[in-house]
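**Student:** Next up is a structure, given as structure tokens.
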Amino acid sequence: KAGVTQTPRYLIKTRGQQVTLSCSPISGHRSVSWYQQTPGQGLQFLFEYFSETQRNKGNFPGRFSGRQFSNSRSEMNVSTLELGDSALYLCASSLGTKRLAKNIQYFGAGTRLSVL
Amino acid sequence: DQQVKQNSPSLSVQEGRISILNCDYTNSMFDYFLWYKKYPAEGPTFLISISSIKDKNEDGRFTVFLNKSAKHLSLHIVPSQPGDSAVYFCAASSPGGSEKLVFGKGTKLTVNP
């Protein structure tokens with residue numbers, strides 16, 4: 001079974017630009033969550049999508065948005081990039097069912113975004 | 001407000017000895033805890049988990065202990081191997097439909113041959 005795939009692996013952008021990151025979950029997984037990892041803050045939850053609906057959102061500004069498609073693939077968009085947005089963006093997928101069993105999230109390798 | 005804390009940024013042990021990684025949490029609503037391992041340039045890999053109704057869970061060389069009254073969990077690796085050298089993250093989730101995980105900042109484990 002293929003794992004979680006994130007594209008691209010690396011991105012370099014300049015301040016003020018926008019960026020779109022993509023995540024393909026494990027087949028059969030309906031929940032996709034996004035996390036930002038920075039050296040100072042660790043992994044921080046951005047948002048979660050389940051069946052094309054945002055189910056939860058972290059404490060990030062509205063410049064960070066996402067969506068999920070009917071095939072469970074997800075995209076994350078960051079507009080008006082700032083230097084502080086430089087980070088590793090991780091996507092995780094899980095079954096997403098409501099606690100029939102504890103759901104384990106499986107992570108992709110991440111997209112390394114550098115904002116210059 | 002950091003709800004999950006890993007107070008040791010790094011830990012160094014000898015091959016064959018026990019590695020003990022610690023994690024504290026403040027939110028008593030957390031009902032499920034996980035440990036992930038992360039190598040550079042890779043995403044976190046799931047290691048082991050424990051529900052709040054248990055106090056211990058074992059999987060091979062890995063054992064997680066949960067002390068709810070102290071809001072503390074620990075990961076034991078016995079015996080430690082050089083390939084275990086990585087950053088270990090503790091994570092917690094709350095009841096409900098969301099898959100949101102709250103992570104600690106990680107502990108870098110180095111196992112010396």
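Read-outs: derived from the displayed coordinates by stated rules, not from any lab. Every value quoted in this text rests on a predicted model; they were computed, and no experiment measured them. Backbone-built Cβ (ideal geometry, glycine too); neighbour counts: all protein chains shown.
**Student:** Which residues, taken from the stretch B:57-113, are among the charged types (D, E, K, R), within 12 Å of the chain's Cα centre (by Cα) and surrounded by fewer than 18 Cβ atoms within 10 Å (Cβ to Cβ)?
**Tutor:** Of the residues in the stretch B:57-113, the ones among the charged types (D, E, K, R) are B:58-59, B:61, B:68, B:71, B:84, B:99-100, B:105, B:108.
Next cut, within 12 Å of the chain's Cα centre (by Cα) only: B:105, B:108.
Listed by number, the list holds a single entry, B:Lys108.
**Student:** Restricting to the stretch B:78-104, count the residues that are out of contact with any Leu (no Cβ under 8 Å at 6 or more places or on another chain) and either within 14 Å of chain A (Cβ to nearest Cβ) or under 25 Å from A:Ala92 (Cα atoms) (or both).
**Tutor:** Matching residues across the stretch B:78-104 total 10.
**Student:** Here's a check for you: in the stretch B:1-21, which residue that is within 11 Å of chain A (Cβ to nearest Cβ) and assigned to a strand (DSSP E or B) is farthest from B:Val102 (Cα to Cα)?
**Tutor:** Per the stated criteria, the residue is B:Lys5.
**Student:** Considering (1) in contact with a Phe, Trp or Tyr (Cβ under 8 Å, 6 or more places away or on another chain); (2) more than 10 Å from chain A (Cβ to nearest Cβ); (3) of a type outside the set (Phe, Trp, Tyr), say which one B:Lys38 fails and leave the rest.
**Tutor:** Of everything listed in (1) in contact with a Phe, Trp or Tyr (Cβ under 8 Å, 6 or more places away or on another chain); (2) more than 10 Å from chain A (Cβ to nearest Cβ); (3) of a type outside the set (Phe, Trp, Tyr), B:Lys38 misses just condition (2).
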